[in-house]
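Data block below; observations after.
Values quoted throughout were computed directly from the atomic coordinates according to the rules given, and no laboratory measurement underlies them. Because the structure is a prediction, the values reported are computed rather than measured. Positions of Cβ are generated from backbone atoms using ideal geometry, with glycine treated the same way; all protein chains shown enter the neighbour counts.
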Amino acid sequence: MKTIRNQKYSRSVAINVVIANMIGTGVFTSLGYQTGSIPSWFSIMVLWCLGALISFFGALVYAEIATRIKESGGEYTYLSKIYSPWLGFVAGWISFIVGFAAPIAAVAIAIGSYTTAFFNISYDIIATLVILIIGSIHLLGIKTGGWFQNIATRFKILLIFFLISLPIILLIFGDFSRSEVVFNPFNNGVNDLDLIFSSDFAISLVWVCFAFSGWNASVYFADKIENPRKNIPYSLILGTLFVSVLYLALNSVFLFSVNFDDLTGKTDIANIFLKTIFSTQIVSSLSLIFGFALLSSLSSLFIAGPSVLEMMGKDYKTLKLLNKKNKNSSPYISIICFMIFPIIMIQTASFQEIIEYIGVCLSFFSVLVVIGLSVVRRKYKDFKAFRLPFGNIISFIFVIVNLWMIFHLVSNDVNMLIYALWTIILGELLFLYVNRYDLVIFLAIISAEIFYLFHYCF
């Protein structure tokens, strides 16, 4: 008789996790940080096309690695096997803090921001509550969590299609006024070539990459997916392509409908767009719907994230509690960690600070994984594995663009480099601690680091 412990996520869940991880707060918040420094529709669309291309290239590389190294854990597992256990441990630590805990906090903050007016409750209280609720759902097991993920993701996709189609419908009926944005790249009053190669463009790419982050989501729980050799590449490639098309369409709609001046510096882009069409009361109700739609992103992070800590618990005796499962086969200690630490971040950091911090760290470790592709091919020969097309050109482009982006970001704000290095160094110290002390000390150090980093640094 098949038990709960043998249950695995289906292909549809794997695809939906990738889609939900990608379609989070970024596409609904980042445009306001781009229009101020890049006053050109054409350059902004090039920016989003580049983000889509780099994400797709990353998905292709990870698809090959995942079909050769058939284990969960993402960067933690890959870097441990490609380079050394200590680097893998640091990557696992980064994945925990930066890859999942920080995005959970960011998504929860966005949900709180969208719904605070409707509930008349502080956004941080709402953010805390939704983290506790979604975390509790996934404590109920794979079947329940997968069901919720599929429903929530489909709801969000329908909402995005509604936003994309709304201006088209209104134009047909003659009740819509488009923005004053100039869509002719040859007559828009700016030099797009200079903008595309500027530092502002590279820094804005950080926000776009955050919006696309999650393209690698299914590799974090690879051993919990049915037929991973086939379904992981399928989920990575199809999920990334689907989201890329949606993002390009959605940003075109936003720019077509709202003036640059109204977008610049704003984070509630969807609300601003809706205010150009509906009354304040209707927008308030729709904001609540947007808040519910973002729950799918939160849920997907609770599927992928705990798998990293679970794998660390398997590999290190001092962390074995992280691998402990409840009667529903959920790694409940790991899930609880992803409920506690994002709540700490919500109280200690701003949304923008979290995003830029995420961008530097995640891009760097993704680059390390992609560079290690040749090592993976030598160590894990598998003729049935997915093969990256066009040789190594794709991985080379991925590395160069990401390093270019990181260089400009840290040049603009050297503190981001300091924070990233501090986090990496602390991860190395933690690697030494887990070989001597117990989980209590490990968690105490993590708590101290989160408090210091997000309270004193930011």
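Charges were assigned to the Cβ only: +1 to each Lys and Arg, -1 to each Asp and Glu. The resulting dipole of the chain about its Cα centre is roughly 2420 debye. Computed on segment 4-457, with alpha-carbon pairs under 8 angstrom and 6+ residues apart, the relative contact order is 34 percent.
Bridging of Lys156 to lysines at a Cα separation below 28 Å is possible for Lys8, Lys143, Lys224, Lys230, Lys266, Lys275, once same-chain residues fewer than 8 apart are set aside. In plain terms, the bigger the Kirkwood radius, the slower the diffusion; for segment 38-150, with that radius from Cα pairs, at 20 °C and 1.002 mPa s, Stokes-Einstein puts D at 123 µm²/s. For segment 212-307, the Cβ-based charge dipole about the Cα centre amounts to some 220 debye (Lys, Arg positive; Asp, Glu negative; other atoms uncharged).
Relative to its Kirkwood radius, the Cα radius of gyration of segment 4-457 gives an Rg/Rh of 0.95.
Counting only residues at least eight positions apart within a chain, or on another chain, the lysines with an alpha carbon under 18 Å from that of Lys81 are Lys70, Lys314, Lys379, Lys381.
Considering only Leu87, Thr128, Asn271, the residue lying farthest towards the positive end of the dipole of segment 4-457 is Leu87, judged by Cα position with unit charges set on Cβ. With the contact rule set at Cα under 8 Å and sequence spacing of 6 or more, what percent relative contact order holds for segment 258-332? This gives 14 percent for segment 258-332.
Distance from the Cα centroid of segment 284-307 to that of segment 45-63 is 23 Å (rounded to whole angstrom).
A simple count of charges around Trp86, restricted to other residues whose Cβ falls under 13 Å of its Cβ and scoring Lys, Arg +1 and Asp, Glu -1, yields -1. Considering only Phe386, Val367, Ser411, the residue lying farthest towards the positive end of the dipole of the chain is Phe386, judged by Cα position with unit charges set on Cβ. Computed from point charges on the beta carbon alone (+1 for Lys and Arg, -1 for Asp and Glu), the dipole magnitude for segment 1-125 about its Cα centre is near 580 Debye.
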